[in-house]
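For reference, the structure discussed in these notes is given below.
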Amino acid sequence: MMQRDVHMTPQALLDSLQFKSGDFGRIALVSGQVHRAQMCLKKLENPVKNFTFLGYTFWTGAYKGMKITVGNGGFYAPDSAFVTELLCAGGIDTFVRLGSCGALKEDINIGDFILADSVIRGDGATRYYVDDDYVPKVSGDITAAVEKAFSLAGKVHKGGVWTTDAIFKETKEIVNSYINKGAIAVDMVTSPFVTLADLYKKKSAAVLTVSDNLITGELGFADYRFFEAEMKMIDSAFEVIKLLGAGPR
């Protein structure tokens, strides 16, 4: 039988990967999609790959004299919880999620932006960390900066984001129950992302571009409006960084 309290801690794993304190910046732009992380990477000066494990990679470089970390942080709740906890242990103070989602209102279009002002947990990963009635909280000041920057790039809808583990079980019974709880969008990442940031007393915000609409049935994964919004998302994220004024360590 196992006698130790825990098999592995985030710090122990970072140590095994030769990660050093101070390698990360204070602010991280985190995306599930690798190509979004690569788009962020192109905006950094002298980036250094300072973390790579199981396909998740993060670089730290300079932007307008500020030390910034970018990378891909998971597609789903379990890997998002895993990577977010590692980043928290690595010393990042502020997290901005650059993601995608399905809309839960008829008047939200492909390529619009969703800014999470509340998070509704429908995933299984966070149940290992918090009680079922726990409500994750995004950071008001970071969210305000995101809203200001993204409002110049496109239509921003502010509301609740529901995180699910089962994309092919988005039935009307389940979806409508979460709409009744205040959700205007659904994804597979935001709940663990914000929950872990909360537990480590870090600041976080989540902004998502709309890839599909569960009410109208529209699928926009290959729609030019979705791709345009992704490009605008990257530019706007760096405007957020300027508003936050992250300084070097």
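The values are calculated or read from the model by the stated rules, or taken from the named source; none is laboratory data. Everything quoted here is computed from the prediction, not taken from an experiment. With ideal geometry, Cβ positions are generated from the backbone for all residues, glycine too; neighbour counts draw on all protein chains shown.
Summary of values
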read-out	value
Residue in region 197-212 that is modelled with pLDDT of 95 or more, buried (at least 19 other Cβ atoms within 10 Å of the Cβ), closer than 16 Å to E85 by Cβ and of a type in the set (S, T, N, Q) present	yes
Options Y63, Y76; residue that is modelled with pLDDT of 95 or more and either of a type in the set (V, I, T) or over 25 Å from K242 (Cβ atoms) (or both)	Y76
For N50: the one exception among (1) buried (at least 18 other Cβ atoms within 10 Å of the Cβ); (2) more than 26 Å from G159 (Cα to Cα); (3) at pLDDT 95 or above	(3)
Any pair with Cβ under 8 angstrom, 6 or more apart, that starts in region 93-110 at a residue that is closer than 17 Å to R26 by Cα and ends at one that is in a strand (DSSP E or B) and of a type in the set (D, E, K, R)	D93/K203; T94/K203; F95/K203
Of all residues making up region 167-199, the number that are under 19 Å from F113 (Cα atoms) and over 18 Å from the mean Cα position of the chain (by Cα)	2
Residue within region 143-159 that is at pLDDT 95 or above, among the β-branched types (V, I, T), crowded, with 20+ Cβ neighbours inside 10 Å and under 11 Å from S191 (Cβ atoms) present	no
Conditions (1) small (G, A, S); (2) touching a residue at least 40 places away in the same chain (Cβ under 8 Å); (3) over 16 Å from Q33 (Cα atoms); number of the one not met by G61	(2)
Test: residue in region 123-130 that is modelled with pLDDT of 95 or more, in a helix (DSSP H, G or I), closer than 24 Å to E230 by Cα and not acidic (D, E)	no
Some residue of region 113-122 being farther than 27 Å from I241 by Cα and either at pLDDT below 95 or not basic (K, R) (or both)	yes
Filter pass, S191 being in contact with a Pro (Cβ under 7 Å, 6 or more places away or on another chain) and at pLDDT 95 or above	yes
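Residue-wise test of (1) over 15 Å from the mean Cα position of the chain (by Cα); (2) surrounded by fewer than 21 Cβ atoms within 10 Å (Cβ to Cβ).
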| position | (1), (2) |
| --- | --- |
| T94 | no, no |
| C101 | no, no |
| D117 | no, yes |
| R121 | no, no |
| Y128 | yes, yes |
| G140 | yes, yes |
